[in-house]
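Down below is the structure, laid out as structure tokens.
The values are calculated or read from the model by the stated rules, or taken from the named source; none is laboratory data. Since this is a predicted model, take the numbers as computed values, not measurements. Here the Cβ is made from the backbone with ideal geometry for all residues, glycine too, and neighbour counts use every protein chain on show.
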Amino acid sequence: MKGNAHAHAALPRAGLSALAHAQLGGPFPRPGGGRGVASGVHHQLRVRHPPPLAAESAVDIGTSEKIAKLSWGERASPPPPAWGMIILTEYIKIQEELSNNQKINLIDYTGTEPSSPCNKCLNVSWDSTSPCTCTIDFTLEHSFESNVFMYYGLSNFYQNHRRYVKSRDDSQLNGDNSSLLNPSKECEPYRTNEDKPIAPCGAIANSMFNDTLELYRIDNDTRIPITLIKKGIAWWTDKNVKFRNPSGDTNNLTALFQGTTKPVNWPKPVYMLDSEPDNNGFINEDFIVWMRTAALPTFRKLYRLIERTNNLQPTLQAGKYSLDITYNYPVHSFDGRKRMILSTISWMGGKNPFLGIAYITVGSICFFLGVVLLIIHHKYGNRNTSADIPN
């Protein structure tokens, strides 16, 4: 029994001896002499590898020759110059689509020119007690057939500044009662005023655009008001998810915002932005649109919608119009400009040159690199056709 146990215990060592014998190609004696258990196991564990099949060798050789002969120009991918031409062609198509299907009319009402009707309002300040009004007459050369979108545009206004972007409290804007009375420190210096929490707090809310724009069509010296729709201008997720009024009776927002104060530059508190409860407070759509900051210093934001009500008539007929402006928003101090934009949209959205500029830039780079690579290929590509790949 002891001899058998000793033999079983020696099996691992015997296995190692057998493998060593197979690698070194000779007998591997058992420690202490003889060819006992180790020698027997050695013969059992010897591995014999069959020779490679002739067919497999032929396939490997044929594949190697094909790979060696394959040059860059034979690979199944379009050359870069083709991509450049495709991108440039798409840009031209986009420009044609925008030009044919979209119309835009822009009115600058900053008032820096002495002849401008709004020049008298140029030096308006945030704390002006009486509003300044002005009227600008203009002409639409072409009719606007589909729904029309009215935007306000600002220039030289850096909403993308890091401290400005962070100056808000999203928990407060989402209706959290604790954040309503104790806003985030990110809102400083527009966090509190006169020892009361500001609602909404922060620099973004404090600088909200507050000009009032009204549009009229002139027909035989008669001013016909154009219906401007103020709902539906904000993103659905912003209106229904990100921005909520504090919990409670939404028909009595004055009580819900009790204990807070208005932003410093606002003429009235947040619960007086609109007479309709579903467009008042934090869920006011003008406020929501402003709180979505722009990436560039020149931008436009949706102000109103003009819906087409009669399929037999254009939404805005070609002719004379007038724009009444309640000039509340000062831009002269930072050399900014203000515009009113009327625009239609296509299946691609609004008319914006950024996409076209991006396409033509990338397309030109691809075309240039494609020509360079093509020259390099013709000059050096044929040198590898006779190369062989070592096995």
Residue pairs meeting the criteria (Cβ under 9 Å; at least 6 apart or on separate chains; first in contact (Cβ under 8 Å) with a residue 40 or more places away in the chain, in region 195-207; second basic (K, R) and surrounded by 21 or more Cβ atoms within 10 Å (Cβ to Cβ)):
P200/R168; C201/R168; A203/R168; I204/R168; A205/R168
Can you pull out the residues in region 133-146 that are part of a loop (DSSP other than H, G, I, E, B) and surrounded by fewer than 14 Cβ atoms within 10 Å (Cβ to Cβ)?
E141, H142, S143
On the given criteria, is N160 at pLDDT 95 or above and either in contact with a His (Cβ under 6 Å, 6 or more places away or on another chain) or of a type outside the set (V, I, T) (or both)?
no
Just the residues that are modelled with pLDDT of 90 or more and in a helix (DSSP H, G or I), please, taken from region 334-364.
F334
Region 266-285, subset among the aliphatic types (A, V, I, L, M) and in a helix (DSSP H, G or I), residue farthest from the chain's Cα centre (by Cα)
M272
For L312, state whether it is buried (at least 19 other Cβ atoms within 10 Å of the Cβ) and at negative phi.
no
Among residues belonging to region 315-336 that are among the hydroxyl-bearing types (S, T, Y) and surrounded by 14 or more Cβ atoms within 10 Å (Cβ to Cβ), point out the one that is nearest to Y109 (Cα to Cα).
Y327
Here the residues within region 85-122 that are surrounded by fewer than 18 Cβ atoms within 10 Å (Cβ to Cβ), outside any strand (DSSP E or B), at pLDDT 65 or above and within 25 Å of the chain's Cα centre (by Cα) are I86, L88, T89, E90, I92, K93, I94
Given the conditions (1) at pLDDT 95 or above; (2) under 24 Å from T254 (Cα atoms), report the number of the one that S155 does not fulfil.
(2)
